[in-house]
Amino acid sequence: MTPPTIIVCIKDVPDPEAPGSSYEIHSDTKRVVPIGIPPVINPYDQNALELAARLKDRWGGKVIALNMSEKAVAPILKKALAVGADELVLLEDPAFKGLTSHATAQVLSAGIQKLGTFDLIVTGRQAADWDSGQVGLLIAGILKIPGINLVQKVELQDGSITVERLRRNAYEVITASLPALVTVGSEVGDLRLTSLKAIQDARKKPVTIWRSADLDLAPTLLRKRNLRAIIPPPSQARRCLFITGKSIEEKAENLALRLRQDRVI
Amino acid sequence: MGKQRILVVVEQRENGESDPVTFELLKSARDLSLQGDETVCACIFGSVAAPLADEISYYADEVYLIDEPFLSTFLPDVYASAAAALCRTIAPRTVLMGHSYENREMAPKLACEMENDLITDCVKIERDVETGALLCTKPVYGGNAHAIFQLDAEPQMVTLRPKSTEALEKGSLQGVTIPFRYKLSPSLELPKSLCIVPGAETVSLTQAEAVVAGGRGFKTAESIQQLKRLVEVLRKHFNTVELGASRALVDEGLLPHSRQVGQTGEIVSPQLYIAVAISGAAQHMAGVVGSKRIVAINKDPEASIFEASDYGIVGRHEDIVPALIKQLEAMP
């Protein structure tokens, strides 16, 4: 395999492991405001970085991390450089605020086209903020390259790729020509830990910023998502009856009796 | 100008039957159609799918049957192109799809071909009768908030989360089947499917009457044996019992993704859901709200799972699950 060029699309999100109480819903400004939650690279994008790093371990080549935002959270995104990415490209412009998935994919595609030739694009299956799960596949559609969703394993060959795509109760082995795009989830593995040396080396790696004007983008492509409202989720609260008993056996018995009373068992 | 159309993409199972979500999509379409005086359409892809089209005609005004040999297996690019061809012909105002594994790939590809916006994983859709816009409610931030998106331009495309609405009753409509020819464009260079490797076991969480699910509190494959024993003993009381998992357990590789319950996994609605050592994150609870009774077993009395449960036992699962197994075994 000729050393490949791999592009990984990443974005920052509030740490999705945070408790639900840390999300404030601002109905007036139609925003979800995370309180006291540090931003992280979207977990599925971390999986994407890991996949790219493994392919680079095996084949050499180059990994480029790509982000689009109105204002980049560079300190978080630079972590990509410490885990195997060779350069970070930030598509940053106030005009990129609140775009639809399709417009986001248009901007990222314009960035990718400006980067030049590549072999593979890897994205996370969805981002933990809007949970839309379509930007990756839309990029593939816009660039007119094969796009394969929910991939758990990737084999590169010269000019082609063989992957395992998740199905509900199975996986499907699929082959496609390169360049191609795959989206991944946690199945491809956790992002590697970084070393102090890798963090130091990362400081020397290039970070490029491109504005809207640097990209081949018609302004009409920058459609904003039309958000009517942000509301709290409906309450899922139930009145929990804590089962008590003098012993574990008694608790278990009391639970079983309750379920019998309810005619569940 | 004739009536506006709402198009439902019929969701099929591997055996060629329609998935239950199809009838939920048809119910949503029917409700919208009553608001805006629209025609309910359904489309079926496949080969030899005529019997299914007959069945669906009891639920829709028009059933478009795209019956071609190359549609016998699911290929997202081909299905998306076929759906796009149909959309260009019948110009639906709204397109409804199930939020399934298949459509997570097919729907964005359709949206790309139509160069229009898609809202995925919606739990509610409504028509703004004045403007014709579609209002789509979708959980965001892992279910910690709901966003209501407005779709104006047509076709308005959404995927709907299973079990968000009830199923449409048979005979609600009586429609006609309309064959639609679609020719595969030879210029399309498509990914090729080499083979499908079935999972080591078949899992049917969505239809299960009882589900026992484990979470982060399980660290080893051995500890999960205990949950499997609880599943076994529950088979005495239920026809179908499945083992489920939180995302944490699947990420650890202790159970396959097909057993994951929640936003990125399966949406279940059993009679009984037993959550063992699961903290109760919003993305997990999104998958279980339809359960009749929820039992939580957790050693942390502050775990948020208890707020969303009917019964709770505070304690170590290593102690409680065996005691519960014994109890259920003894029960007639």
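What percent of all Cα-Cα pairs in segment A:113-180 falls in each 10 Å bin, counting up from 0?
Reading the bins upward from 0: 19, 50, 28, 3.
I need the Debye-formula profile for segment B:233-332: one equal scatterer per C-alpha, no solvent, reported as log10 I(q)/I(0) at q = 0.22, 0.24 1/Å, two decimals.
Here log10 of I(q) over I(0) equals -1.30, -1.46.
Taking 23 Å as the cut-off for C-alpha to C-alpha distance, list the pairs among A:K78/B:K109; A:K62/A:K197; A:K30/B:K109 that go past it.
With Cα atoms farther than 23 Å apart: A:K78/B:K109; A:K30/B:K109.
Subtract the Cα-Cα distance of B:R235 and B:S185 from 0.36 nm times their separation in residues, and report this length gain in nm to one decimal.
Residue separation times 0.36 nm, minus the Cα-Cα distance, leaves 13.0 nm.
If we restrict to alpha carbons, what Rg and Dmax does segment B:91-146 come to, in Å?
12.3, 35
For a quick check: sort B:R13, A:R54 by the number of other beta carbons within 10 angstrom, fewest at the front.
Taking fewest neighbouring Cβ atoms as first place, the list is B:R13, A:R54.
Per DSSP H run of n ≥ 4, the term is -39500 (n - 2.57); total these for chain B, divide by its residue number, and report the mean residue ellipticity at 222 nm rounded to 500 deg cm²/dmol.
It lands at -8000 deg cm²/dmol.
What do the square roots of 5 times the Cα gyration tensor eigenvalues come to for the protein assembly as shown, in whole Å, largest first, as semi-axes of the equivalent ellipsoid?
Each semi-axis is √(5λ); the values are 37, 32, 23 Å.
Return B:K138, B:K299, A:K56, A:K197 ranked ascending by Cβ neighbour count within 10 Å, so the fewest neighbours appear first.
Ranked by crowding around the Cβ, least crowded first: A:K197, B:K299, A:K56, B:K138.
Counting only Cα atoms, I'd like the Rg/Rh figure for segment B:249-292, Kirkwood definition for Rh.
Rounded to two decimals, Rg over Rh is 0.94.
Please compute P(r) over all alpha-carbon pairs of segment B:5-179, binned at 5 Å starting from zero, and give each bin as a whole-number percent.
It works out to 2, 9, 19, 24, 23, 15, 6, 2, 0, in whole percents.
Viscosity 0.890 mPa s, temperature 25 °C: give me the Stokes-Einstein translational D for segment A:160-265 in µm²/s, with Rh taken as the Kirkwood radius over C-alpha pairs.
Estimated via Stokes-Einstein, D reaches 108 µm²/s.
From Cα coordinates alone, what are the radius of gyration and Dmax values for segment B:42-109 in angstrom?
11.8, 29
If you take every DSSP beta bridge whose two residues both sit in chain A, what share of them, in percent to the nearest 5, is antiparallel?
For chain A, the DSSP antiparallel bridge percentage is about 45.
Of the peptides A:164-175, A:33-44, how do they stack up when ordered by the mean number of other Cβ atoms within 10 Å, highest first?
Listed from highest to lowest mean packing, they are A:164-175, A:33-44.
Round to a whole angstrom and tell me the spacing of the C-alpha centers of segment B:87-119 and segment A:119-156.
The distance from the Cα centre of segment B:87-119 to that of segment A:119-156 comes to 17 Å.
Taking only C-alpha pairs under 8 Å that are 6+ residues apart, what is the relative contact order of chain A in percent?
23 percent
Please give the Cα centre distance for segment A:233-253 versus segment B:173-231, rounded to the nearest Å.
32 Å
Which GluC sites (Glu not before Pro) from segment A:202-265 combine a DSSP loop assignment with at most 11 other Cβ atoms within 10 Å?
Here no GluC sites (Glu not before Pro) fit, given the DSSP loop and packing criteria.
Do any of A:K79/B:K228; A:K251/B:K219; A:K251/B:K138; A:K97/A:K205 go past 30 Å between their Cα atoms, and which?
Cα-Cα > 30 Å for A:K79/B:K228; A:K251/B:K138; rest within.
log10 I(q)/I(0), Debye, Cα-only segment A:5-221, no solvent, q = 0.08, 0.09, 0.12, 0.17 Å⁻¹?
Result of the Debye calculation: -0.27, -0.34, -0.62, -1.25.
For segment B:1-79, compute the orientation-averaged projected area of the C-alpha convex hull (one quarter of its surface), in nm².
5.5 nm²
If you take every DSSP beta bridge whose two residues both sit in the protein assembly as shown, what share of them, in percent to the nearest 5, is antiparallel?
Here the share of antiparallel DSSP bridges comes out near 35 percent.
Arranged by the count of other C-beta atoms within 10 angstrom, fewest first, what order do B:V212, B:V321, A:V73, B:V289 take?
A:V73, B:V289, B:V321, B:V212
What does the structure give for B:102-112 when I average, per residue, the other chain Cβ atoms found within 10 Å of the residue Cβ?
Other-chain Cβ atoms within 10 Å of each residue's Cβ, averaged: 6.
Compute the relative contact order of chain B as a whole-number percentage, counting only Cα pairs closer than 8 Å that sit 6 or more residues apart in sequence.
It comes to 14 percent, rounded to a whole number.
Rounded to whole Å and sorted largest first, list the principal axis extents of the Cα atoms in segment B:111-209.
Computed over segment B:111-209, the largest-to-smallest principal extents equal 48, 42, 38 Å.
In chain B, what % of DSSP beta bridges are antiparallel (nearest 5)?
20 percent
Return the distance in nm (one decimal) between the two label points of a simple spin-label model at B:K299 and B:T131, each offset 7 Å from Cα along Cα→Cβ.
The two pseudo-label positions are separated by 5.3 nm.
When you look at the Cβ of every residue in A:144-150, what mean number of other chain Cβ atoms sits within 10 Å?
What the average comes to for A:144-150 is 5.
Output the Kirkwood hydrodynamic radius of segment B:193-287, Cα pairs only, in Å rounded to one decimal.
Taking every pair of different Cα atoms in segment B:193-287, averaging 1/r and inverting gives 13.4 Å.
Here are some pairs, A:K153/B:K183; A:K11/B:K292; A:K114/A:K224; which of them have Cα atoms lying more than 29 Å apart in this structure?
The answer is A:K153/B:K183; A:K11/B:K292.
Relative to the longest principal axis of the C-alpha atoms of chain B, give the angle of the C-alpha long axis of helix B:317-330, reported between 0 and 90° and rounded to the nearest 10°.
90 degrees
Once you wrap a convex hull around the alpha carbon atoms of chain B, what is its projected area averaged over all directions, in nm²?
Mean orientational projected area (chain B, Cα hull): 18.7 nm².
Shielding by partners for A:245-255, please: the mean number of other protein chain Cβ atoms within 10 Å of each residue's Cβ.
The per-residue average across the peptide is 6.
For B:I178, which sequence-distant residues (separation of 5 or more, or a different chain) have an amide H within less than 5 Å of its own amide H, given hydrogens modelled in the peptide plane?
B:V63, B:Y64, B:L65
Bear in mind that the values in this text are calculations on the coordinates, not laboratory data. In this text, all values refer to a predicted model and were calculated from it rather than measured experimentally. Note: ideal-geometry Cβ built from the backbone for every residue, glycine included; neighbour counts use all protein chains shown.
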